[in-house]
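Student: The structure's right below; bear with me while I get my questions together.
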Amino acid sequence: MEPSSFIITLPPPTPNGGLHVGHLSGPFLAGDVFSRATKIQGKHCFVSCYSDIHQSYVRVTAERQDCDPEELYQYWSKDINETLKLYHVSVDDYFVPEAESDAFIKDIFLKLYSNKTLSKKAFPFFYSEENDYWYDEAGISGNCPKCLASCKCGICEACGGLNTAVTILNPKVTNSPSTTIKLAYLDVLVLELEKFRAQLIEFYAKNPKFRQRYKWLVEDALEQELPDFPVTVPGSWGISFDHEDFPGQVINAWPELMAQLLYSYQRALNKDKELGSYPVPVNFFGFDNSYFYAFVHAALLTQIDEGRWLPWATVINEFYNLDHAKFSTSNNHVIWAKDLAERCSVDAARFYAAFNSPGFEKANFNESDMQGVLNRTINSVWSSIAQQWNIVTSQMDIGANLNLPSFPLCQSIRSQIMKSYSLERFHLRQAAEDLLHLLYYIEKVLISRSADSLQTASNLMVCFAQSAYPLMPNSSLRLFCALTARPEISLEPVNTVKLIQLPLSLFSEENFVVENINEGVPAS
């Protein structure tokens, strides 16, 4: 049975820097589009996100920049939240973990150890005798033993495969490659994934809502014995496990993510009573983190609340490269999302990100290409539509209402586009292309100057505003409200439109003068 409410989780950003274009063009845009499409269709959802402050990447970046890691994550957590708001990514709950969440997370893993879901077991790490220091994930750089790509010790972002201190190739300390390290074993809290093979197979057999590459990762991993995964690691950066069996250890940030999501679900239920008693979680994230969600999280969730919080669906995306190379803060190969917003309309950037979406394949961002594509497509066709529309309406009573006859084609077109916002067919690139098809057809109708061209174009223009809203919320909302004189956008039939002059740019907010516009859609 289709659920009536959702808790949508955006991937917790690591606050060792701001959000660049690659970040926003992936799961943050996708999650926001799905949320808005869900609401406009009358279902309820709650969007949650938190700052992933305990990642080893925060500590390693602070070491490299010679700054306090807490000051680092506090600054960037605030900046990330501001950037999400700037790009109209609507988040109902964005939080930075603190004492209450730390206690919640620690209690979960203490119970899992107490009931023998987790075990005490030796696990390999790199150790420096000179510094008396144990290194975890971001602290060690090397090459993936599966695909040979550069990676950190723990996960390969390129192929999604795990590695360990035993299997990683050419290991070196990330911030001091000359440091001498050796392989050593330490008893830590371990998730023995192989013990949960049957539960994992059953979960994936019953749940088809995963993209193909995610499924391939699951299939490939299940062809071999599933490895042990460390739930605690030696160190002081993270949530202290504070157990006599594991002195000096903190909870690994990747299992912590599962528990933080559970904490976020409880926050959602407390904050939003309209979710009801049984909302289902939908996770958005990048492919590079798939193994953690697919195996570590899923195995643990089968043992908590009888599997109640296993994801209803998961939507991944591939990497979005910059000039055919990976976005890299450390190498200054990056375009910050905040900087791009100073040079380009946010809705225009969102449209291009969808049109060039890395949903199923890696994609490439180039700012001059973005401007060229926008000018050749949506900017050009909209300018032509506005000119044709304004010629016709200038001969009429501006501000008067135009009655619209029933137009079944609109329902068909809108349904086609909305399918690309659904979990079963989520495809931002297809939605963007279909929106362009709709605009080109409106242009053709207006140029024809037929007797009913204005009524037909008006119907289709309303349809465009409704269908484009999840993707370009600000521009679409203003267009819809200007045409209909309604304060909120909805999919309800529109029987009349107000004859107005259209701005020559869809993204020029100052040209749309509309009063009493609500921020989005009515509460579902």
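Student: Determine which single condition Glu244 fails, assuming it passes every other condition in (1) over 28 Å from Phe203 (Cα atoms); (2) touching a residue at least 60 places away in the same chain (Cβ under 8 Å); (3) out of contact with any strand residue (DSSP E or B) (no Cβ under 9 Å at 6 or more places or on another chain).
Tutor: Only one criterion in (1) over 28 Å from Phe203 (Cα atoms); (2) touching a residue at least 60 places away in the same chain (Cβ under 8 Å); (3) out of contact with any strand residue (DSSP E or B) (no Cβ under 9 Å at 6 or more places or on another chain) is unmet by Glu244, namely (2).
Student: Let me confirm something: among Leu169, Leu183, Leu189, Leu217, which residue is touching a residue at least 24 places away in the same chain (Cβ under 8 Å), outside the structural domain of Val296 (by TED's automatic domain parsing), farther than 30 Å from Gly42 by Cβ and in contact with a Leu (Cβ under 6 Å, 6 or more places away or on another chain)? Don't jump to the end; show me each part of the working.
Tutor: Working: Leu169 fails: in contact with a Leu (Cβ under 6 Å, 6 or more places away or on another chain); Leu183 fails: in contact with a Leu (Cβ under 6 Å, 6 or more places away or on another chain); Leu217 fails: in contact with a Leu (Cβ under 6 Å, 6 or more places away or on another chain).
Exactly one of Leu169, Leu183, Leu189, Leu217 is touching a residue at least 24 places away in the same chain (Cβ under 8 Å), outside the structural domain of Val296 (by TED's automatic domain parsing), farther than 30 Å from Gly42 by Cβ and in contact with a Leu (Cβ under 6 Å, 6 or more places away or on another chain), namely Leu189.
Student: Here is a further query. If I ask for residues that are touching an Asp or Glu at 6+ places or on another chain (Cβ under 6 Å) and either surrounded by fewer than 16 Cβ atoms within 10 Å (Cβ to Cβ) or aromatic (Phe, Trp, Tyr) (or both), which ones from the stretch 222-252 would you list?
Tutor: Hit for the stretch 222-252 is Glu225, nothing else.
Student: Let me ask something additional. Say we look at the stretch 360-402 and pick out the residues that are closer than 29 Å to Asp32 by Cβ and loosely packed, with under 13 Cβ neighbours inside 10 Å; which of these is modelled with the lowest pLDDT?
Tutor: Glu361
Student: Out of curiosity, is Ser178 touching a residue at least 60 places away in the same chain (Cβ under 8 Å) and over 19 Å from Trp237 (Cα atoms)?
Tutor: Details: touching a residue at least 60 places away in the same chain (Cβ under 8 Å): no; over 19 Å from Trp237 (Cα atoms): yes.
In short, no.
Yes/no per residue for (1) at pLDDT below 95; (2) under 30 Å from Ile239 (Cα atoms); (3) surrounded by fewer than 21 Cβ atoms within 10 Å (Cβ to Cβ); (4) not assigned by TED's automatic domain parsing to the domain that holds Thr61:
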{"residue": "Ala268", "(1), (2), (3), (4)": "no, yes, no, no"}
{"residue": "Phe292", "(1), (2), (3), (4)": "no, yes, no, no"}
{"residue": "Gly307", "(1), (2), (3), (4)": "no, yes, yes, no"}
{"residue": "Pro358", "(1), (2), (3), (4)": "yes, no, no, yes"}
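Student: Run Ala122 past the list (1) aliphatic (A, V, I, L, M); (2) more than 25 Å from Asp220 (Cβ to Cβ); (3) surrounded by 19 or more Cβ atoms within 10 Å (Cβ to Cβ) and report the number of the one that doesn't hold.
Tutor: (3)
Student: Restricting to the stretch 373-407, count the residues that are closer than 25 Å to Ala485 by Cβ and in a loop (DSSP other than H, G, I, E, B).
Tutor: Residues in the stretch 373-407 being closer than 25 Å to Ala485 by Cβ and in a loop (DSSP other than H, G, I, E, B): 11 in total.
Student: With the condition being under 24 Å from Ser5 (Cα atoms), I'd like the strands (runs of 3 or more DSSP E) fully within the stretch 262-362 carrying at least 2 qualifying residues. Before you say what the answer is, go through the steps one by one.
Tutor: Working: elements: 280-286, 313-317, 320-322.
Answer list for the stretch 262-362: 280-286, 313-317.
Student: Please verify whether Val47 is under 15 Å from Val91 (Cα atoms), touching a residue at least 12 places away in the same chain (Cβ under 8 Å) and among the hydrophobic types (A, V, I, L, M, F, W, C), treating the condition exactly as stated.
Tutor: Numbers: under 15 Å from Val91 (Cα atoms): yes; touching a residue at least 12 places away in the same chain (Cβ under 8 Å): yes; among the hydrophobic types (A, V, I, L, M, F, W, C): yes.
So Val47 passes the test.
The values are calculated or read from the model by the stated rules, or taken from the named source; none is laboratory data. Keep in mind that this is a model prediction, so the values were computed, not measured. Note that each Cβ is placed from the backbone with ideal geometry, even for glycine, and that neighbours are counted across all protein chains shown.
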